[in-house]
1. For region 92-126, enumerate the residues that are under 21 Å from residue 163 (Cα atoms) and over 14 Å from the mean Cα position of the chain (by Cα).
2. Residues that are hydroxyl-bearing (Ser, Thr, Tyr) and either open to solvent by less than 80 Å² (accessible area, probe 1.4 Å) or farther than 30 Å from residue 128 by Cα (or both): list the strands (runs of 3 or more DSSP E) wholly contained in region 1-112 that include at least 3 such residues.
3. Scanning for something open to solvent by 40 Å² or more (accessible area, probe 1.4 Å), of a type in the set (Gly, Ala, Ser) and out of contact with any strand residue (DSSP E or B) (no Cβ under 7 Å at 6 or more places or on another chain), does region 164-171 turn up at least one residue?
4. For a quick check of your reading of the model, give me the residue pairs whose first member lies in region 63-88 and is touching a residue at least 40 places away in the same chain (Cβ under 8 Å) and over 15 Å from residue 110 (Cβ atoms), whose second is charged (D, E, K, R) and buried (at least 22 other Cβ atoms within 10 Å of the Cβ), with beta-carbon atoms closer than 7 Å and at least 6 apart or on different chains.
5. In region 133-191, how many residues are over 20 Å from residue 90 (Cα atoms), under 14 Å from the mean Cα position of the chain (by Cα) and assigned to a loop (DSSP other than H, G, I, E, B)?
6. Considering only region 111-128, I want to know if a residue exists there that is farther than 28 Å from residue 23 by Cα and either in contact with a helix residue (DSSP H, G or I) (Cβ under 8 Å, 6 or more places away or on another chain) or touching a residue at least 12 places away in the same chain (Cβ under 8 Å) (or both).
7. On the basis of being modelled with pLDDT of 95 or more, under 22 Å from residue 146 (Cβ atoms) and out of contact with any Pro (no Cβ under 9 Å at 6 or more places or on another chain), does residue 72 make the cut?
8. Can you name the number of the only condition in (1) surrounded by fewer than 16 Cβ atoms within 10 Å (Cβ to Cβ); (2) at pLDDT below 95 that residue 130 fails?
Amino acid sequence: MSTLKDFFEYMNSGKSVEIGSPMLSFFDELSQQAMKITTELNNKYHSPMEIVEIFSKLTCKNVDKSFRLFPPFYTDCGKNITVGKNVFINSGCKFQDQGGIFIDDGCLIGHNVIITTLNHDISPSKRAALHPKPVKIGKRVWIGASVTIIPGVTIGDNAIIGAGSVVVKDVPQNTIVVGNPAKVIKHITEE
């Protein structure tokens, strides 16, 4: 595997990534690129428009000029992050995006949020194998500080994830979830 197109096709197929495979070698290459770009992002002041340009370089996608991010920001890939318009990511967030992170319009992501898209195999003899699953975040979602979202989760439009929660299953739209594991505590109605 040597192109981003191959990478996206493979990761979106849900196939495992095995130790010693060409895909894992490509992971390493993407990680090195991400470290260079995030080091540039995190270690000096950049205007909001410069941050949009750097994030576009990191993701290899045109990021809308309405995007805002407060560094530092960390990722071990960067290429499989997609953000919509009017997305805000606060400082200290860590995205493990090889399996795909899709953030729709109007989302607010609090300090120190962790989004993961890879799991290891349950079998001890295959433990180093990686299993990708995307995280999808709907429109106008608000994710509180220090939330962890595990692979394969979809968060519905307008949902709120309370600070410190661990999201282990899909979150319905128009709900507030809190806790570890996160559970629905309220339904949101438009006022």
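The values are calculated or read from the model by the stated rules, or taken from the named source; none is laboratory data. The shown structure was predicted, so the numbers you read here are calculated from the model rather than taken from an experiment. Don't worry about glycine lacking a Cβ; one is built from the backbone with ideal geometry, like all the others, and counts go over all protein chains shown. With ligands, DNA and RNA removed, areas are computed over all heavy atoms of the protein, side chains included. Shrake-Rupley method; radii C 1.70, N 1.55, O 1.52, S 1.80 Å.
1. Those that are under 21 Å from residue 163 (Cα atoms) and over 14 Å from the mean Cα position of the chain (by Cα): 105, 106.
2. Values: elements: 73-75, 81-83, 93-96, 101-103.
Fully inside region 1-112 and qualifying: nothing.
3. As a first pass, look at region 164-171 and keep what is open to solvent by 40 Å² or more (accessible area, probe 1.4 Å): 164, 168-170.
Now narrow it down to the ones that are of a type in the set (Gly, Ala, Ser): 164.
Imposing the further condition that a residue be out of contact with any strand residue (DSSP E or B) (no Cβ under 7 Å at 6 or more places or on another chain) reduces the set to 164.
Checked against the condition, which is being open to solvent by 40 Å² or more (accessible area, probe 1.4 Å), of a type in the set (Gly, Ala, Ser) and out of contact with any strand residue (DSSP E or B) (no Cβ under 7 Å at 6 or more places or on another chain), region 164-171 yields at least one hit.
4. What qualifies is 75/97; 77/97; 78/97; 80/97.
5. The total comes to 5.
6. Taking region 111-128 first, the residues farther than 28 Å from residue 23 by Cα are 111-112.
Now drop any that are not either in contact with a helix residue (DSSP H, G or I) (Cβ under 8 Å, 6 or more places away or on another chain) or touching a residue at least 12 places away in the same chain (Cβ under 8 Å) (or both), which leaves 111-112.
Looking through region 111-128, at least one residue is farther than 28 Å from residue 23 by Cα and either in contact with a helix residue (DSSP H, G or I) (Cβ under 8 Å, 6 or more places away or on another chain) or touching a residue at least 12 places away in the same chain (Cβ under 8 Å) (or both).
7. Working: modelled with pLDDT of 95 or more: yes; under 22 Å from residue 146 (Cβ atoms): yes; out of contact with any Pro (no Cβ under 9 Å at 6 or more places or on another chain): yes.
Answer is yes for this residue.
8. Against the list (1) surrounded by fewer than 16 Cβ atoms within 10 Å (Cβ to Cβ); (2) at pLDDT below 95, residue 130 comes up short only on (1).
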